[in-house]
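Below you'll find the structure, written out as structure tokens, and then a few comments.
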Amino acid sequence: MSTYGIDLGTTYSCVARLDANGNPEVVRNNEDNSNTLASVVFFENENNVVVGQAAKENIETDGDRVVQFVKREIGKATNRTYTFDGKTYTPVEISALILARLKNIVESQGGTIDNVVITVPAYFGLEERSATKQAGELAGLNVLSLINEPTAAALSYCARQFQEDRTILVYDLGGGTFDVTVVKMSMTPNDQGGDVQKIAVLATGGDDRLGGKDWDDKLFNYILQACCDENGLTADDIEVETRQDIRSKVEEAKRKLSQKEVTKVRIDVNGSRTEVVITRKDFERLTADKVAQTMNFVDSTLAKVPDVQIDTVLLVGGSTYMPMIKKAVEEKFPGKVQQHDPDQAVAKGAAIYASMLGLAIEGDAGGGADAQADGAPTEDKRAELAAKFSVEDQTPRSFGPGVIDTKGTKNKYILENFIKIGEKMPAVATKTYYPIEDNQERVRLRAFENMSTEDALIPSVDEDGNPQATDPAHAVKLLGELIVNLPPNTPKTTKIEVTFKVDASGVHVEAVNTATGDKFETFLRTASDVDIEKSAVHQLRISSD
Ligand code: ADP
Ligand code: MG
């Protein structure tokens, strides 16, 4: 069995596995001479789709045939699509192309990749998670599970450097997103009298619109201004080709400034060659507000866990290669900052997790004869890993059903939160409800996610069960519904037990008619299958009286 971990990033993706000794290693992208793959897709013509650096190089010249930052669209209600040569692609399909390219990278080096764990941001809701899983399946991969990115980073840190109990702050500044996560690592005894290193998430925060791209944009404007000054032009005078030329050189210049104090870029300004010199000092002055912004998120995340002492800060994400980041974080956490493989740590952690899960599957199947087929670790090594770690994530949202409260004078539609944001995963909760009336034929049980920590929300959905825009702070989202058919002559006192289960891969909803033992778990997704009915007769109510 070959298990791999995949970091499907907004700007760069990465695939990793465990070597024969059980150590995580990245599968190199030889074509781009890199450890990562640019998450960029270029639709050259109807027969040729290019993924990676070569696609990225077409952004300036053929931008309308290039898709990037698709992770920002996956699983979103906007239902954005992309059409090329008469064919329309969803964000899931674009993501599948990136995943298929990663699969191809592994296969071209003789590996077989079937079982994978894909990473997602800790703040991803259910739709984004199931869309990510779907993309994996579409790419021909068997998705064992998803894991939150900061948890994966912590796992790879933990595996590399065995530690005593400690609390870690993961500072992940990528290309388009910034995530802060506080993770606790502790030694807990297992059933066999050994020790398990437990990784538990205590708090998360960040901004899904803050990342390396903002540094690129600042540098772009700086170079554009320098080109104007040098040639006595205004920004309006600058031709589109010149802008494209600047854009294509910005990221490389930024990377060079992580190595050197000064770099030069040569730009063709409306036909005349101009050399712009950029010093690291200037670049740091230019982007100081962005660094400060990330540190504000660090503060607000720490404020969620006021009693926690941070022992180590882990720098993750390609943008933490910028010396200004390390400096700022060092200043706040002197002597506590660690940085190892910032652009690979997430994929490596996912590879470790995949291997742990893969072992469980092999156990079920009665063995994994081909465990070493392509240099994968032996079963013993994997068993060692699985016994060594346990991962405990937090729920990214609150979850629960919409039900009718028949108490008082008016029937109120209430969204009850069974599982609340920040709870330990896997989280399971069950509650008993009743049909609205005698002889009710069926129940349409609606499931919601939201950002509220209240037990119940009233104003966030209308009487038809549709989420209301009036309460954006709670981000209420209808996930879909479960149809519960009731046999004839069902009295309204019949107990219907509703259960929600949440783990990193998604939500499972089920309902049991306790009178008959009938179990219902076929969940209809919102967008495609659910036809919301107005009638309250198909609901469940809270109390039996
Ligand atoms: P993602 O957000 O896709 O997970 P990564 O963690 O791989 O992405 O980070 C990508 C970002 O890191 C990009 O903005 C890239 O320009 C930036 N980056 C990568 N290497 C360097 C470097 N040496 N110096 C500065 N920025 C870098
Ligand atoms: Mg990332």
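The values are calculated or read from the model by the stated rules, or taken from the named source; none is laboratory data. Keep in mind that what you see is a predicted model, and the values were worked out from it rather than measured. Here the Cβ positions follow ideal geometry from the backbone for every residue, glycine too, while neighbour counts run over all protein chains shown. Ligands, DNA and RNA are excluded from the accessible area calculation, which covers all protein heavy atoms including side chains. Shrake-Rupley method; radii C 1.70, N 1.55, O 1.52, S 1.80 Å.
Going residue by residue through region 234-249, is there one that turns out to be farther than 30 Å from LEU315 by Cβ, open to solvent by 10 Å² or more (accessible area, probe 1.4 Å), among the hydroxyl-bearing types (Ser, Thr, Tyr) and without any contact (Cβ under 8 Å) to a residue 24 or more places away in the chain? Yes: region 234-249 contains one or more residues that are farther than 30 Å from LEU315 by Cβ, open to solvent by 10 Å² or more (accessible area, probe 1.4 Å), among the hydroxyl-bearing types (Ser, Thr, Tyr) and without any contact (Cβ under 8 Å) to a residue 24 or more places away in the chain.
Note down all Cβ pairs under 6 Å where the first residue falls in region 277-292 and is farther than 13 Å from SER319 by Cβ, the second is among the aromatic types (Phe, Trp, Tyr) and in a helix (DSSP H, G or I), and they're at least six residues apart or on different chains. As it stands, the answer is LEU286/TYR222, since those pairs meet every condition given. In region 90-111 there is no residue that is farther than 22 Å from GLY317 by Cα, crowded, with 18+ Cβ neighbours inside 10 Å, more than 15 Å from ligand 2 (Cβ to nearest atom) and under 12 Å from the mean Cα position of the chain (by Cα). Based on what the data block shows, is LYS184 in contact (Cβ under 8 Å) with a residue 12 or more places away in the chain, open to solvent by 30 Å² or more (accessible area, probe 1.4 Å), of a type in the set (Lys, Arg) and assigned to a strand (DSSP E or B)? Spelling it out, LYS184 is indeed in contact (Cβ under 8 Å) with a residue 12 or more places away in the chain, open to solvent by 30 Å² or more (accessible area, probe 1.4 Å), of a type in the set (Lys, Arg) and assigned to a strand (DSSP E or B). For region 327-354, give me the residue count where each residue is open to solvent by 30 Å² or more (accessible area, probe 1.4 Å), within 16 Å of ligand 1 (Cβ to nearest atom) and assigned to a loop (DSSP other than H, G, I, E, B). Within region 327-354, residues that are open to solvent by 30 Å² or more (accessible area, probe 1.4 Å), within 16 Å of ligand 1 (Cβ to nearest atom) and assigned to a loop (DSSP other than H, G, I, E, B) number 3.
Candidates ARG255, ARG273: the one that is charged (D, E, K, R) and within 15 Å of ligand 1 (Cβ to nearest atom) is ARG255. If the condition is being away from ligand 1 (no atom under 16 Å from the Cβ) and of a type in the set (A, V, I, L, M, F, W, C), then region 163-190 contributes ILE168, LEU169, VAL182, VAL183, MET185, MET187. For region 258-270, which residues satisfy the criterion of being free of Cβ contacts under 8 Å to residues at least 40 places away in the same chain, within 16 Å of ligand 1 (Cβ to nearest atom) and either within 12 Å of CYS227 (Cα to Cα) or not charged (D, E, K, R) (or both)? Once the filter is applied, which keeps residues that are free of Cβ contacts under 8 Å to residues at least 40 places away in the same chain, within 16 Å of ligand 1 (Cβ to nearest atom) and either within 12 Å of CYS227 (Cα to Cα) or not charged (D, E, K, R) (or both), region 258-270 yields GLN259, VAL262, THR263. Checking the stated criteria, LEU155 turns out not to satisfy the condition of being under 20 Å from MET356 (Cα atoms), of a type in the set (A, V, I, L, M, F, W, C) and open to solvent by 30 Å² or more (accessible area, probe 1.4 Å). Within region 29-55, which residues are open to solvent by 40 Å² or more (accessible area, probe 1.4 Å), in a loop (DSSP other than H, G, I, E, B) and without any contact (Cβ under 8 Å) to a residue 40 or more places away in the chain? Matches in region 29-55: ASN33, ASN47.
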